[in-house]
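The values are calculated or read from the model by the stated rules, or taken from the named source; none is laboratory data. This one's a predicted model, so the numbers in the text were calculated from it and none came from an experiment. Every residue, glycine among them, receives a Cβ derived from its backbone with ideal geometry; neighbour counts consider all protein chains shown.
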Amino acid sequence: MTTTAITNIGCLVTNDPALGDGPLGQIRDAALVIEGTTVAWAGPSAAAPAADRGLDAGGRAAVPGFVDSHSHLLFAGDRTEEFNARMSGRPYSAGGIRTTVAATRQAGDRELTATLTRHLAEMLRQGTTTVETKSGYGLTVEDEARALRIAARHTAEVTYLGAHIVAPEYAGDPDGYVARVTGPMLDACAPHARWIDVFCEQGAFDGDQARAVLTAGRARGLVPRVHANQLTYGPGVRLAVELEAASADHCTHLTDADVDALAQGRTVATLLPGCEFSTRARYPDARRLLDAGAVVALSTDCNPGSSFTSSMPFCMAVAVREMGMTPDEALWSATAGGAAALRRTDIGRLSPGARADLVLLDAPSPVHLVYRPGVPLVTDVWRSGERLVRSPGG
Ligand SMILES: [Zn+2]
């Protein structure tokens, strides 16, 4: 198998404390050898083994590919005016998620696929090499299954979110809709998904309904993840921990009992700062969760309504500025943290045996990702050992 050595890396983040300094396992003046699809070796440049091909990183920093563990990319339609009205202090009466549901049902498969792949390409250019994405804008048996079928052609991390909101047809009968979600819709969707998710929130699904959705999914082999405690305090986080969900996402309104549950359980706390940024809402307190010992992931929540950013570096910058994270913590949460939220051990790190998902930055230090917000620092991206983004002349 062909080996490629990337040498003269100014600072390499491995996320393996055995290989370098601190929790990020940082190595100065580093090299990394890719063999096929995986990392074969990482360490100081001076000790690098011989390889078939070489690439001089020119002192640039290298980090693991970002792991975006929460997005909603199976959608159609446009909500520019809703955002513009919200940011301009004007009332806006259209129905939020319902607007997207109506447009998504109208769209053909080609349109949904084109929107998905356009956003996946946009994410890759910004250094994201693993993306989870969800259904949740179809809300009929056929439309949810269709969204998941399309998603599964482009990522392994597919989540069934039939319980996003109560479908408009069931407005007066939410329990009837839950029966649909846990019955025929689950039958149609389970073969295409790895995860099951529910929006546990006032105005969406209460604790009992969320429990019914997650336990039904679990009985079909899907692993739970939960939209929890985003807009109000509620039962979502503790339900997620109790059912050993991989992740509780949002975690904005937390009691001390919620924080303790996350610190002691197996469930990752996934924070989505693009959402609070785009809705002028209160940010989750990452510092409080980290100090309590919880595992924290960062993700974009990329969706057309509440967080239309695909940029992990942007979310890291907001998390550092507004949520009490250090730059190192934000980078860990955007890589290893995302991997933990997806229960993956092959990504989110750059140690031998890991998938060769690597990002080179036009910067001497990974701190520049948050020190220089909004600046496109990603120059080169490898995924599974293949260089899919390359710098001009590189
Ligand atoms: Zn979401």
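Just a few scattered comments:
- Restricting attention to segment 118-155, the residues being assigned to a helix (DSSP H, G or I) and over 18 Å from residue 309 (Cβ atoms) number 12.
- Condition met for residue 32 (under 30 Å from residue 275 (Cα atoms) and not assigned by TED's automatic domain parsing to the domain that holds residue 312): no
- Residue within segment 177-190 that is surrounded by 13 or more Cβ atoms within 10 Å (Cβ to Cβ), closer than 16 Å to residue 246 by Cβ and in the same structural domain as residue 248 (by TED's automatic domain parsing) present: no
- Leading residue by the ranking (surrounded by the fewest Cβ atoms within 10 Å (Cβ to Cβ)) among those in segment 313-358 that are of a type in the set (Ser, Thr, Tyr) and out of contact with any Phe, Trp or Tyr (no Cβ under 9 Å at 6 or more places or on another chain): 345
- Of all residue pairs spaced 6 or more apart or on separate chains, those with beta-carbon atoms under 8 Å, a first member in segment 177-198 that is of a type in the set (D, E, K, R) and a second member that is part of a helix (DSSP H, G or I) are 180/141; 180/170.
Conditions tested, residue by residue: (1) part of a helix (DSSP H, G or I); (2) among the aromatic types (Phe, Trp, Tyr); (3) outside the structural domain of residue 291 (by TED's automatic domain parsing).
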site	(1), (2), (3)
319	yes, no, no
322	yes, no, no
325	no, no, no
330	yes, no, no
333	yes, no, no
336	yes, no, no
353	no, no, yes
360	no, no, yes
364	no, no, yes
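- Looking at 388, 289, just one residue is free of Cβ contacts under 8 Å to residues at least 40 places away in the same chain and not basic (Lys, Arg), and that residue is 289.
- Residue 292 vs. criteria surrounded by fewer than 24 Cβ atoms within 10 Å (Cβ to Cβ) and either hydrophobic (A, V, I, L, M, F, W, C) or at pLDDT 95 or above (or both): yes
- Some residue of segment 172-180 being under 22 Å from residue 301 (Cα atoms) and either among the acidic types (Asp, Glu) or not in a loop (DSSP other than H, G, I, E, B) (or both): no
- Residue in segment 210-220 that is under 22 Å from residue 150 (Cα atoms), surrounded by 21 or more Cβ atoms within 10 Å (Cβ to Cβ), in the same structural domain as residue 325 (by TED's automatic domain parsing) and more than 16 Å from the ligand (Cβ to nearest atom) present: yes
- Restricting segment 247-262 to residues that are surrounded by fewer than 24 Cβ atoms within 10 Å (Cβ to Cβ) and in contact with a helix residue (DSSP H, G or I) (Cβ under 6 Å, 6 or more places away or on another chain), the residue that is nearest to residue 317 (Cα to Cα): 259
- Residues of segment 142-164 that are buried (at least 22 other Cβ atoms within 10 Å of the Cβ) and within 16 Å of the ligand (Cβ to nearest atom): 144, 147, 148, 151, 157, 158, 159, 160, 161, 162, 163, 164.
- Test: residue in segment 381-394 that is within 19 Å of residue 328 (Cβ to Cβ) and either outside the structural domain of residue 36 (by TED's automatic domain parsing) or under 19 Å from the mean Cα position of the chain (by Cα) (or both): no
- Exactly one residue out of 392, 327 is out of contact with any strand residue (DSSP E or B) (no Cβ under 6 Å at 6 or more places or on another chain) and at pLDDT below 95: that is 392.
- Hits in segment 359-393 - residues which are surrounded by fewer than 21 Cβ atoms within 10 Å (Cβ to Cβ), touching a Ser or Thr at 6+ places or on another chain (Cβ under 7 Å) and not hydroxyl-bearing (Ser, Thr, Tyr): 362, 383, 385
- For segment 66-88, the criterion of being touching a residue at least 60 places away in the same chain (Cβ under 8 Å), surrounded by 13 or more Cβ atoms within 10 Å (Cβ to Cβ) and over 30 Å from residue 167 (Cα atoms) is satisfied by at least one residue.
- Subset tally (residues that are of a type in the set (Gly, Ala, Ser) and free of Cβ contacts under 8 Å to residues at least 40 places away in the same chain) for segment 241-280: 7
- Any hit, segment 263-273, residues being under 29 Å from residue 12 (Cα atoms), crowded, with 24+ Cβ neighbours inside 10 Å, among the aliphatic types (A, V, I, L, M) and within 13 Å of the ligand (Cβ to nearest atom): yes
- Set 297, 286: member being more than 16 Å from the ligand (Cβ to nearest atom), touching an Asp or Glu at 6+ places or on another chain (Cβ under 9 Å), of a type in the set (A, V, I, L, M, F, W, C) and at pLDDT 95 or above: 286
- Residue match in segment 312-325 (condition: touching a His at 6+ places or on another chain (Cβ under 8 Å) and more than 13 Å from the ligand (Cβ to nearest atom)): no
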